[in-house]
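Here's the structure we're looking at; comments come further down.
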Amino acid sequence: MADAALFTPEDLEAGERLVLRPWQFVKGVVALDGLPDDGWTEVAFAGRSNVGKSSLINAMVRHGGLARTSNTPGRTQELNFFKPYDDPLYLVDMPGYGFAKAPQDKVETWTALIRAYLAGRPTLRRVFVLVDSRHGIKPPDRDIMKMLDATAVPYQIVLTKADKITVPELAAVKAKTEAELSSHPAAFPIVLTTSSEKGSGMEDLRATIAALLKN
Ligand code: GDP
């Protein structure tokens, strides 16, 4: 169910029109000079490895295989760009972070690319930072939130896997997360709750993206 307090029926409809359509993989970017330069609006998805990022992107666009591309070996350290066929919009699947076994040099390469991308991308309108609703915000999430605050890139926390906890537990983690956000200047104050398994929260996510493109 959509959160009726957040969006009008027209917003929700605009979200469906924009997001529920065929998307295509455009490119995987490993260095700044590979970034698209057409000035299109971008929304990005970030989160710890295994947070449910691929599942969420696939559920949001209702295209089971879309984000799989980013999980194939060799693709995981890239910024993966997708576009809907006929709108000036990119969805950017950022590499998962906080993977304990990642070699140090990989982590440094990733951090340098992400920092440079976030610092110099005026077309990037929002980063959705995915957080597992069972765990809440963890230190690796705080690292990227600090980076986003420092680069003044607007971001919004999206709780994933909401079906894995009870409704009161979800309400509690949402409230706790929103309380923490008050000290983060670039954070959007409202946290979205989602389950890719159940499809919940997807309407809100679609409407949020449509609203960003409209403005
Ligand atoms: P990624 O590494 O962040 O792209 O994570 P994936 O999308 O590959 O998901 C990691 C694991 O979590 C997989 O086993 C998924 O089936 C599972 N998962 C993802 N989203 C959900 C969800 O909403 N509910 C449940 N129960 N499991 C999920």
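The values are calculated or read from the model by the stated rules, or taken from the named source; none is laboratory data. This is a predicted model, so every value here is computed, not measured. Reconstructed Cβ throughout: ideal geometry from the backbone, glycine too, with neighbour counts over all protein chains shown. SASA here: full protein model, heavy atoms, side chains in, ligands and nucleic acids out. Shrake-Rupley method; radii C 1.70, N 1.55, O 1.52, S 1.80 Å.
Listing for the model above:
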{"read-out": "Test set (1) within 15 Å of the ligand (Cβ to nearest atom); (2) within 30 Å of residue 215 (Cβ to Cβ); (3) not charged (D, E, K, R) - residue 155 fails condition number", "value": "(1)"}
{"read-out": "For residue 163: the one exception among (1) over 23 Å from residue 41 (Cα atoms); (2) open to solvent by 10 Å² or more (accessible area, probe 1.4 Å); (3) assigned to a strand (DSSP E or B)", "value": "(3)"}
{"read-out": "Scan of segment 119-135 for residues that are closer than 19 Å to residue 42 by Cβ and open to solvent by less than 20 Å² (accessible area, probe 1.4 Å), ordered by number", "value": "124, 127, 128, 129, 130"}
{"read-out": "Candidate set from segment 188-215 (those that are acidic (Asp, Glu) and in a helix (DSSP H, G or I)); member that is nearest to the chain's Cα centre (by Cα)", "value": "204"}
{"read-out": "Residues of segment 44-62 classified as open to solvent by less than 20 Å² (accessible area, probe 1.4 Å), part of a helix (DSSP H, G or I) and near the ligand (Cβ under 9 Å from one of its atoms), total", "value": "2"}
{"read-out": "Filter result (in a loop (DSSP other than H, G, I, E, B), modelled with pLDDT of 80 or more and within 14 Å of the ligand (Cβ to nearest atom)) within segment 67-97", "value": "78, 94, 95, 96"}
{"read-out": "Matching entry among 32, 20 (being more than 15 Å from the ligand (Cβ to nearest atom) and open to solvent by less than 70 Å² (accessible area, probe 1.4 Å))", "value": "20"}
{"read-out": "Restricting segment 137-150 to residues that are surrounded by fewer than 19 Cβ atoms within 10 Å (Cβ to Cβ) and more than 16 Å from the ligand (Cβ to nearest atom), the residue that is nearest to residue 120 (Cα to Cα)", "value": "150"}
{"read-out": "Residues that are open to solvent by 70 Å² or more (accessible area, probe 1.4 Å), closer than 18 Å to residue 45 by Cα and not basic (Lys, Arg), drawn from segment 98-118", "value": "99"}
{"read-out": "Single match in 122, 168, 185 (criterion: outside any helix (DSSP H, G or I), more than 16 Å from the ligand (Cβ to nearest atom) and farther than 19 Å from residue 35 by Cβ)", "value": "185"}
{"read-out": "Residues (among the hydroxyl-bearing types (Ser, Thr, Tyr) and open to solvent by 50 Å² or more (accessible area, probe 1.4 Å)) located in segment 166-206", "value": "166, 182, 183"}
